[in-house]
Amino acid sequence: MLTYLEFEKPIAELDARVAELKETANSSADLDIDAEVGKLEAKASKLLRDTYAKLTPWQKVLVARHPERPHFNDFVAGMADDFVPLAGDRAFGDDQAIIGGLARIDGRRVMLIGHEKGDDTASRLKHNFGMAKPEGYRKAIRLMQLADRFGLPVVSLVDSAGAFPGVEAEERGQAEAIARSTEQCLALKVPMIAVIVGEGGSGGAIAIAAANRVLMYEHAFYSVISPEGCASILWRTRDKAPEAAEAMKLTAQDQLALGIVDRIVPEPLGGAQRDPEAAIGSLKAAIIEELDGCSVLDPAELVAQRRAKYLAIG
């Protein structure tokens with residue numbers, strides 16, 4: 001059953017009424033309420049369309065964080081013809097917040113890397129809510145180096161509130177690992193496509209997103225800090241997060257206008273969580289198109305393009 005966000009309550013009420021009428025009709029063959037159901041469905045559809053046509057930046061943040069949006073494992077299942085996961089950073093351990101491995105997307109061999117948040121309490125704890133520790137970024141570095149060695153394009157899927165801020169992560173060199181991962185992205189001699197599929201949080205995101213082509217889902221966001229973090233610094237209260245989101249220009253539309261991302265990937269009406277299969281299908285088509293476009297560039301051009309894009313940020 002779909003989880004409704006706070007601003008979707010009027011839509012939820014209409015959907016609940018439709019479901020109630022359908023249940024009543026199924027339990028009584030004498031009732032003919034198809035016309036009434038049709039009217040309510042049309043009203044709910046219009047309300048959904050109108051609501052999502054004028055989302056505020058804060059509402060887009062809420063949609064990007066929706067627990068039922070597709071995550072990395074869903075994208076692997078929906079996009080990859082096959083996937084061979086590769087674990088560990090060969091130094092400390094295997095961080096499940098970042099998953100990566102060899103994959104085929106419509107016959108194209110790639111190295112697929114991305115954040116995984118998890119779908120329930122147990123898996124979210126296992127994947128640390130998509131917040132990677134240094135070993136996660138060092139695993140990403142190892143896989144990117146492997147891709148470079150074998151001439152495989154790199155595709156990264158970003159969905160993280162940010163790198164894990166715990167003491168143990170700092171003790172193991174979090175800042176250095178993020179910097180090295182960003183450096184490795186910039187040094188790749190193979191094409192790299194990055195997609196912000198949900199949250200694009202700070203250095204934890206750009207560490208695997210300094211790519212030739214950066215795509216962004218329609219209702220994702222990309223920012224140097226979370227709106228709550230920004231509000232805590234500027235206003236000393238997290239209650240000002242909606243105002244912070246407005247000022248930060250973090251939506252896909254803002255990021256495209258600023259030249260931070262290159263392309264917005266449309267989502268189904270109501271967000272990717274309402275129709276994950278369609279959302280994954282549209283993203284797969286966009287990735288294939290971008291991979292084919294980058295394939296005409298030689299290694300020197302790829303490196304130069306990527307570095308110019310990164311240096312132009314801000």
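The values are calculated or read from the model by the stated rules, or taken from the named source; none is laboratory data. In this text the structure is predicted, and so the values were computed from the model without any measurement. Here Cβ is always computed from backbone atoms with ideal geometry, including for glycine, and neighbour counts include all displayed protein chains.
Restricting attention to the stretch 62-109, the residues being assigned to a helix (DSSP H, G or I) and buried (at least 17 other Cβ atoms within 10 Å of the Cβ) number 9. Taking only the stretch 44-61 into account, find how many residues are surrounded by 14 or more Cβ atoms within 10 Å (Cβ to Cβ) and within 15 Å of K249 (Cα to Cα). The total comes to 6. Right, P153: in contact with a Cys (Cβ under 9 Å, 6 or more places away or on another chain) and either closer than 27 Å to N212 by Cβ or free of Cβ contacts under 8 Å to residues at least 40 places away in the same chain (or both) or not? Here the answer is yes, as P153 does meet what is asked. Within the stretch 121-135, take every residue that is of a type outside the set (A, V, I, L, M, F, W, C) and over 17 Å from the mean Cα position of the chain (by Cα) and give me the one that is farthest from A209 (Cα to Cα). For the stretch 121-135, the residue satisfying everything is T121.
So that you can scan it fast, the table gives a plain yes or no per residue for (1) among the acidic types (D, E); (2) more than 20 Å from P266 (Cα to Cα); (3) over 12 Å from the mean Cα position of the chain (by Cα):
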position	(1), (2), (3)
F164	no, yes, yes
V190	no, yes, yes
A210	no, yes, yes
A220	no, no, no
C230	no, yes, yes
D239	yes, yes, yes
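Against the definition (at pLDDT below 95 and either among the aliphatic types (A, V, I, L, M) or in contact with a Phe, Trp or Tyr (Cβ under 7 Å, 6 or more places away or on another chain) (or both)), how does L269 come out, yes or no? When the stated conditions are applied, L269 passes them.
Can you find, within the stretch 276-309, the residue that is nearest to the chain's Cα centre (by Cα) among those that are among the charged types (D, E, K, R) and surrounded by 15 or more Cβ atoms within 10 Å (Cβ to Cβ)? In this case the residue turns out to be K284. Residue check: L112 meets all listed conditions (1) crowded, with 24+ Cβ neighbours inside 10 Å; (2) assigned to a helix (DSSP H, G or I) but one, namely (2). Scanning the stretch 282-294 finds no residues that are in a strand (DSSP E or B) and not small (G, A, S). For beta carbons closer than 9 Å, sequence separation of 6+ or different chains, a first residue in the stretch 66-77 that is closer than 13 Å to A220 by Cα and a second that is in a helix (DSSP H, G or I) and β-branched (V, I, T), the qualifying pairs are R69/V63; P70/I280.
For beta carbons closer than 7 Å, sequence separation of 6+ or different chains, a first residue in the stretch 46-59 that is under 26 Å from D239 (Cα atoms) and a second that is polar (S, T, N, Q), the qualifying pairs are P57/T251.
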